[in-house]
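S.K.: The structure follows.
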Amino acid sequence: MQSAVPLTEQTIAARLERLPNSRWHITVTVVLGVAIFFDSFDSLAIAYVLPVLIRAWHIPPANIGGLIGIANFGQALGALSFGWAAERFGRVTAARIAIALFAVMSFACAFTQNYEQLFVCRFIEGIGLGGEIPVASTYISEILRAEKRGGRFLAYQMIFPIGLLGAGIAGALVVPRFGWQSMFILGAVPAVVAIFLQRYCPESPRWLASKGRLVEADAILIEIERIVSRDGKLPLPPVPQLGTQSLGNETRWQELFQGRYLSRTIFVWVLWASSYIISYGLQGWIPTLYREVYHLSLQQSLNYAVASPAGSLLGSIFCAFLIDATGRRYWFTGAFFLVAAGLIELWAFGANTALGMLLGYGFCSMWLGSMNMSIFLYTAEIYPTRMRALGVSWASFWLRMAATVGPIIVGFTLPRYGISGVFLAFSVFAIIGCVVATYMIETRRRVLEEVSP
């Protein structure tokens, strides 16, 4: 398809950049999308079984945050280990192992008999959960062209809030009828995806080229070009010239803290922590708060809790359509500001009633959901191919650490300062995120190799 083009890392990237959106891109998105749907489903499943388990197993309030947080701690370890594996062994290999691990352990969670067993299974499951999302996000970012990359990447990432909403709906419908175990059994579905991943998702040509494996990258890209062009029936655009040169193909973690990447790393870590400490800190508690603080019935508590993932999905849709127009910096700054305003409103008077909390936190969830989705896009854009998976995975480590600490903050603050005090505490993180977002570099409509040489 491209015999006149020499084989270099730059020409491999240029050939990917010229590919129009096609059925191949859709197939890859669907396959990985099924995995990310159940990734988000599993991450929120615990929230909808806790109102049952707290009373069935007599779990004290001090231990609730630990059961929520231990999976996030496992995800932190998974993010680091699978980020390293993705740089060394490839994006697809790392993703397959991560998907299989969290699917099998979700199934195991359904057969636990006490707090301690579920605690251990959730930790191991978390390792797989933490590894799959950043690796898959890196892969998707590497196969998309710069033009409209934001919207198309977020169309894929939108599956995550859909999974959260799916967990909410399933929790409200399934748990009261079939028991809490059914949530974890449903979470085992992605094991099937791991079997077919290698067939439908070839290794990233950008990654292969960055490792000097140009012949393999070329072979995969020729097959992709064949599919996109429908066996040559649709002519492909000419290969563009990229005004960048590779600075090397060796993955060195130290480079995250050197030169232009030092400030990028620090700022993006703060953005991850600020956003996720709020969303993960609260979302695991939401059904329990309706049940224990506002004394709603189990069914009503689960029904009310659906408002949070529904808001997250709505905000994600807005973001997917608008972020290429607004740019990353303006979107994050505005979203953090609106989250801070919503949390302060909940502290002042919104949390006085269950309905007030539903409306107020539903509003916050819109903007948190949009940032939680687009932060993967932005992080993948600010690092070069040689350390993209490492950069995304290490950044998501702070997501998991924040998600580990967040539920514990709720458990500490709630009995001392009440539900209003919880929202005031989290508003501080939103304000920090808003300030840091003003220092983001703008990446919209720029080729990855130009943003991050």
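S.K.: Which value, in debye to the nearest 20, gives the size of the charge dipole of the chain about its Cα centre, when Lys and Arg are +1 and Asp and Glu are -1 at the Cβ?
M.R.: 360 debye
S.K.: Here is a further query. Within the accessible area of the chain, what % is carbon and sulfur when the probe is 1.4 Å and the other protein chains stay in place? Before the final figure, lay out the partial values.
M.R.: Values: 11280 of 16840 Å².
After summing per-atom areas, the C and S share lands at 67 percent.
S.K.: Follow-up question, since we're still on this one. Do the sum for the chain: with -39,500 (n - 2.57) for every DSSP H run of n ≥ 4, divided by all residues, what is the mean residue ellipticity at 222 nm, to the nearest 500 deg cm²/dmol?
M.R.: That comes out to -26000 deg cm²/dmol.
S.K.: Still on this model: Summing +1 for each Lys or Arg and -1 for each Asp or Glu, what net charge is found among the other residues whose Cβ lies under 14 Å from the Cβ of Phe160?
M.R.: Overall, the nearby charge balance is -3.
S.K.: So how much slack lies between Gln10 and Phe321, counting 0.36 nm per residue of separation and subtracting their Cα-Cα distance, in nm?
M.R.: Extra length from Gln10 to Phe321 when fully extended: 109.0 nm.
S.K.: Can you give me the angle between helix 260-283 and the longest principal axis of the chain, using Cα atoms only, in degrees from 0 to 90, rounded to the nearest 10?
M.R.: It works out to around 30 degrees.
S.K.: Just grab the label-to-label distance for Gln300 and Arg416, each label 7 Å out from Cα along the Cβ direction, in nm (one decimal).
M.R.: Each label point is offset 7 Å from its Cα along the Cβ direction, giving 3.1 nm.
S.K.: Here is a further query. Tell me the relative contact order for the chain as a rounded percent, counting alpha carbon contacts under 8 Å between residues six or more apart.
M.R.: Taking the mean separation of contacting Cα pairs over the length of the chain, I get 27 percent.
S.K.: So with the 1.4 Å probe, I'd like the accessible area per residue for the chain, rounded to whole Å². The partial results should precede the final answer.
M.R.: On the way: 16840 Å² over 453 residues.
For the chain, the solvent-accessible area averages 37 Å² per residue.
S.K.: Please list Tyr156, Tyr200 in order of solvent-accessible area, largest first, computed with a 1.4 Å probe with all protein chains present.
M.R.: Descending accessible area places them as Tyr200, Tyr156.
S.K.: Need one number for the range 345-392: average projected area of the convex hull over its C-alpha atoms, nm².
M.R.: Its average projected convex-hull area is 4.2 nm².
S.K.: Can you compute log10 of I(q)/I(0) for the range 1-90 with the Debye formula, treating each Cα as one identical point scatterer, at q = 0.11, 0.15, 0.22 Å⁻¹?
M.R.: Cα-only, vacuum Debye calculation for the range 1-90: -0.60, -0.85, -1.15.
S.K.: Still on this structure: Relative to the longest principal axis of the C-alpha atoms of the chain, give the angle of the C-alpha long axis of helix 9-18, reported between 0 and 90° and rounded to the nearest 10°.
M.R.: 70 degrees
S.K.: Modelled label-to-label distance, Ile344 and Arg199, 7 Å Cα→beta-carbon offset: nm?
M.R.: About 5.5 nm separates the two model spin labels.
S.K.: Extending each Cα 7 Å along its Cβ direction at Gln117 and Gln258, get the distance between those two points in nm, one decimal.
M.R.: If labels sit at Gln117 and Gln258, their model points lie 5.0 nm apart.
S.K.: What's the long-distance tail for the range 300-453, i.e. % of Cα pairs beyond 26 Å?
M.R.: For the range 300-453, the share of Cα pairs beyond 26 Å comes to 31 percent.
S.K.: Turning to a different aspect of this structure: With every protein chain left in place and a probe of 1.4 Å, what is the accessible surface of Asp324, to the nearest 10 Å²?
M.R.: For Asp324, the solvent-accessible surface is approximately 20 Å².
S.K.: Taking only Cα atoms, what is the 0 to 90° angle, nearest 10, from helix 159-178's long axis to the longest principal axis of the chain?
M.R.: Orientation of helix 159-178: about 40 degrees from the principal axis.
S.K.: Right, next: Using only the Cα atoms of the chain, construct the convex hull and provide its projected area averaged over every direction, in square nanometres to one decimal.
M.R.: On the way: hull surface 78.6 nm².
Averaging across all directions leaves 19.7 nm² for the Cα convex hull.
The values are calculated or read from the model by the stated rules, or taken from the named source; none is laboratory data. Keep in mind the model is a prediction, meaning the values are calculated, not measured. In this analysis, Cβ positions are derived from the backbone assuming ideal geometry, glycine residues included, and neighbour counts consider all displayed protein chains. In case anyone asks, the SASA skips ligands and DNA or RNA and just uses the protein heavy atoms, side chains included. Shrake-Rupley method; radii C 1.70, N 1.55, O 1.52, S 1.80 Å.
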